[in-house]
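Note sheet for the following structure.
The values are calculated or read from the model by the stated rules, or taken from the named source; none is laboratory data. The shown structure was predicted, so the numbers you read here are calculated from the model rather than taken from an experiment. With ideal geometry, Cβ positions are generated from the backbone for all residues, glycine too; neighbour counts draw on all protein chains shown.
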Amino acid sequence: MTDTPAYKRVLLKLSGEALMGRREYGLDTGMVGTIADDLQAVVAMGVEVSVVIGGGNIFRGVSAAASGMDRAQADYMGMLATVMNALAMQSALEKRGVPTRVQSAIPMASVCEPYIRRRAVRHMEKGRVVIFAAGTGNPFFTTDTAAALRAAEMGCDALLKGTQVDGVYSADPRKVADARRYEQLTYLDVLANDLAVMDAAAISLARENHLPIVVFNIHAPGAFAQVMRGEGRFTRIVEAQ
């Protein structure tokens with residue numbers, strides 16, 4: 001076992017649902033704390049970490065739009081939900097002594113910083129975790145796309161996607177018993193086979209910027225640190241060799 005991280009600077013993408021624990025809605029403070037512990041362990045390895053968290057545990061814009069709400073308005077409400085999740089994670093991290101900054105694509109000076117790329121980079125260089133909230137600040141873009149965008153802007157070595165399962169499968173392994181698990185895929189494999197990893201815009205953005213995507217199970221204790229050491233179970237998405 002080695003404590004030398006595989007990547008120096010990373011962005012971790014979490015779904016809002018990852019923070020629900022066993023609840024059907026909202027935040028499970030225990031689960032937020034568990035993920036904060038994992039983040040703390042990775043920061044202790046000397047890795048520069050940034051985070052994007054979705055808002056689906058509080059409000060999902062696409063679902064609201066399908067129910068008749070204006071899509072742009074629904075997406076803005078979803079962005080506000082991501083700010084709530086970001087503040088919860090910031091609180092958990094700082095309780096553990098990890099300096100953290102929240103930067104929002106929608107300015108709200110009373111609660112967090114506005115998104116400023118150079119300032120975010122400087123925070124990371126100083127060992128602070130930066131949580132990017134409010135997606136891209138634009139409707140019709142998912143937080144997956146926001147994660148790929150911010151990872152590219154920060155010059156990250158990899159984009160890590162923390163999910164409910166230990167990699168990318170041909171189908172949902174919780175529903176399909178013989179679903180095939182992949183160790184490695186190309187960006188084109190994901191797009192051509194419509195694999196439910198991230199949306200097409202996020203995959204394309206990662207591909208254009210030669211940004212590896214690493215998919216792993218965020219709920220496995222210590223999994224984030226394991227992946228950073230190149231250990232454990234995960235799927236890598238890279239350019240074809």
Check on R181, modelled with pLDDT under 95 and not acidic (D, E): yes
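Does F234 count as of a type in the set (A, V, I, L, M, F, W, C), touching a helix residue (DSSP H, G or I) at 6+ places or on another chain (Cβ under 6 Å) and farther than 27 Å from R117 by Cα? Can you show your working first?
Numbers: of a type in the set (A, V, I, L, M, F, W, C): yes; touching a helix residue (DSSP H, G or I) at 6+ places or on another chain (Cβ under 6 Å): yes; farther than 27 Å from R117 by Cα: yes.
So F234 fits the description; yes.
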Residue selected from region 9-30 under the condition surrounded by fewer than 19 Cβ atoms within 10 Å (Cβ to Cβ) and in contact with a Gly (Cβ under 8 Å, 6 or more places away or on another chain), by the criterion nearest to M124 (Cα to Cα): R9
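For region 92-105, how many residues are buried (at least 16 other Cβ atoms within 10 Å of the Cβ) and closer than 15 Å to Q40 by Cβ?
Here is the first cut: in region 92-105, the ones buried (at least 16 other Cβ atoms within 10 Å of the Cβ) are 92-93, 98, 100-105.
Keeping just the survivors that are closer than 15 Å to Q40 by Cβ gives 92-93, 98, 100.
Counting residues in region 92-105 that are buried (at least 16 other Cβ atoms within 10 Å of the Cβ) and closer than 15 Å to Q40 by Cβ gives 4.
Suppose we filter T186, T143, T136 for residues that are touching a Gly at 6+ places or on another chain (Cβ under 8 Å) and among the hydroxyl-bearing types (S, T, Y); which single one remains?
So the residue among T186, T143, T136 that is touching a Gly at 6+ places or on another chain (Cβ under 8 Å) and among the hydroxyl-bearing types (S, T, Y) is T143.
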Qualifying residue in region 59-76 (condition: closer than 21 Å to R117 by Cα and touching a helix residue (DSSP H, G or I) at 6+ places or on another chain (Cβ under 9 Å)): no
Failed item, numbered, when K161 is tested on (1) touching a Gly at 6+ places or on another chain (Cβ under 9 Å); (2) in contact (Cβ under 8 Å) with a residue 60 or more places away in the chain; (3) of a type in the set (K, R): (1)
Qualifying helices (runs of 4 or more DSSP H) (wholly inside region 34-144; at least 1 residues being among the basic types (K, R), under 25 Å from M198 (Cα atoms) and at pLDDT below 95): 71-95
Flag for R207 being basic (K, R), in contact with a strand residue (DSSP E or B) (Cβ under 9 Å, 6 or more places away or on another chain) and farther than 21 Å from A44 by Cβ: yes
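So that you can scan it fast, the table gives a plain yes or no per residue for (1) under 20 Å from Y115 (Cβ atoms); (2) under 15 Å from the mean Cα position of the chain (by Cα); (3) surrounded by fewer than 19 Cβ atoms within 10 Å (Cβ to Cβ); (4) in contact (Cβ under 8 Å) with a residue 24 or more places away in the chain:
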site: V129; (1), (2), (3), (4): yes, yes, no, yes
site: A134; (1), (2), (3), (4): yes, yes, no, yes
site: F141; (1), (2), (3), (4): yes, yes, yes, yes
site: A151; (1), (2), (3), (4): yes, yes, no, yes
site: C156; (1), (2), (3), (4): yes, yes, no, yes
site: G167; (1), (2), (3), (4): no, yes, no, yes
Test: residue in region 60-83 that is on the phi < 0 side of the Ramachandran plot, buried (at least 18 other Cβ atoms within 10 Å of the Cβ) and among the basic types (K, R): yes
Qualifying residue in region 170-193 (condition: of a type outside the set (A, V, I, L, M), assigned to a loop (DSSP other than H, G, I, E, B) and under 17 Å from the mean Cα position of the chain (by Cα)): no
Pair list, Cβ under 6 Å, 6 or more apart: region 204-228 residue within 30 Å of T29 (Cβ to Cβ), other residue among the charged types (D, E, K, R) and at pLDDT below 95: N217/D166
